[in-house]
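Read the structure below first, then the notes.
The values are calculated or read from the model by the stated rules, or taken from the named source; none is laboratory data. Bear in mind the structure is a predicted one, so any value in this text is a computation, not a measurement. Cβ coordinates were reconstructed from backbone atoms using ideal geometry, including for glycine residues, and neighbour counts include every protein chain displayed.
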Amino acid sequence: MTTCCNAPEDTLRICEIFYSLQGESSFAGQPCVFVRLSGCNLRCAWCDTTYAYAESTPMSIDEIVEKVESFGCELVEITGGEPMMQEAGACKLMAKLLERQKTVLLETNGSRPLDAVPQGVHRIIDLKPPQSKTAHDEAIWRTYAQSWRSTDEVKCVVADANDFEWCIEKLQQYDAFHRVIVHFSAVWGKLPLAQLADWICQSHRPIRLNLQQHKIIWDPNARGV
C-alpha cells in the first residue's frame, strides 16, 4: 500500500513539528526538534505513527526552517511516515538545516534509495524483520552495504527470537556490525526488554539496546513527545 505525497520541491507535506527529547539512536536523551513528514509506503504491524499516513499540512521549506529555528535547538530529526517519499524536498530541507549548523538526523524505513541524502546527515535506517509484516527489499539493502557512511546507524525493532536471529544474519550479510552503529529495540508491549538484553549479551555483537526513552518518560501513546 502506498500513500502518494506529490508536492513541489520547495514545499513539503508536514504531519507535525515539535520539540522534545530524542528517545532513540545514539542521540537519545538530547533535546531535539522533530519534523514529521506525511505519507508512508509501508504498513508495519507495530507502527506507532499511523496518523502520519494521511495527516498533512503543506509548508514551504523556508517556513519549516523558521519553525525549527524558533525552538533554539541544535539537533533536528526528519522523520515520518517515510520522509524519502518526498525525496527532493526532504533533501533540500536537510541541506538548508546543515547550512544553519544543525545536526540533522534522518529516520527512514529502509525501503528507499538514500544516495541523494546530503553528506553530513546521520541516516538512521530501519531493518524490518519478518514480524513487521513488510517485505524486505534485498536490492536496496545491497546498495546501502556498498556505500555505508561513517555516520550511518541501523535500527532493528524485533518481536521475537526469530526476528532477532533474522536481523543478526542480515546485518552480517551487509557488513554492518563493524561499519555502522547498530541498535535493537523491542516491539513495545510485546517483547520484554530483559529478554532482548539477554539476547544481545549472548550474541557477542556490537549492538546497542534502544529503549525508546520517550515511551518510558511519557504516555507511550502520547503525540508530540
Residues that are among the hydroxyl-bearing types (Ser, Thr, Tyr): list the strands (runs of 3 or more DSSP E) wholly contained in region 15-104 that include at least 2 such residues.
57-60
Condition met for Glu107 (at pLDDT 95 or above and over 30 Å from Gly189 (Cβ atoms))
no
Would it be correct to say that Val180 is surrounded by fewer than 19 Cβ atoms within 10 Å (Cβ to Cβ), in contact with a strand residue (DSSP E or B) (Cβ under 6 Å, 6 or more places away or on another chain) and under 22 Å from His122 (Cα atoms)?
no
Could you pull out the residue among Gln202, Gln212 that is polar (S, T, N, Q) and closer than 26 Å to Tyr144 by Cβ?
Gln212
Output for region 183-192, where each listed residue is farther than 25 Å from Arg123 by Cα and either crowded, with 20+ Cβ neighbours inside 10 Å or at pLDDT 95 or above (or both)
Leu191, Pro192
Counting only residues that are over 21 Å from Phe177 (Cβ atoms) and not β-branched (Val, Ile, Thr), region 110-131 contains a total of 9
Which residue pairs have Cβ atoms under 7 Å apart, sit 6 or more places apart or on different chains, and have a first residue in region 160-183 that is closer than 15 Å to Gln131 by Cα and β-branched (Val, Ile, Thr) and a second that is in a loop (DSSP other than H, G, I, E, B) and at pLDDT 95 or above?
Ile168/Arg205
Among (1) surrounded by fewer than 19 Cβ atoms within 10 Å (Cβ to Cβ); (2) at pLDDT 95 or above, there is one condition Leu97 misses while meeting the rest; what is its number?
(1)
Verdict on Arg205 being without any contact (Cβ under 8 Å) to a residue 60 or more places away in the chain and surrounded by 13 or more Cβ atoms within 10 Å (Cβ to Cβ)
yes
Checking Gly224 against (1) within 20 Å of Thr79 (Cα to Cα); (2) in contact (Cβ under 8 Å) with a residue 40 or more places away in the chain; (3) surrounded by 14 or more Cβ atoms within 10 Å (Cβ to Cβ), the condition it does not meet
(3)
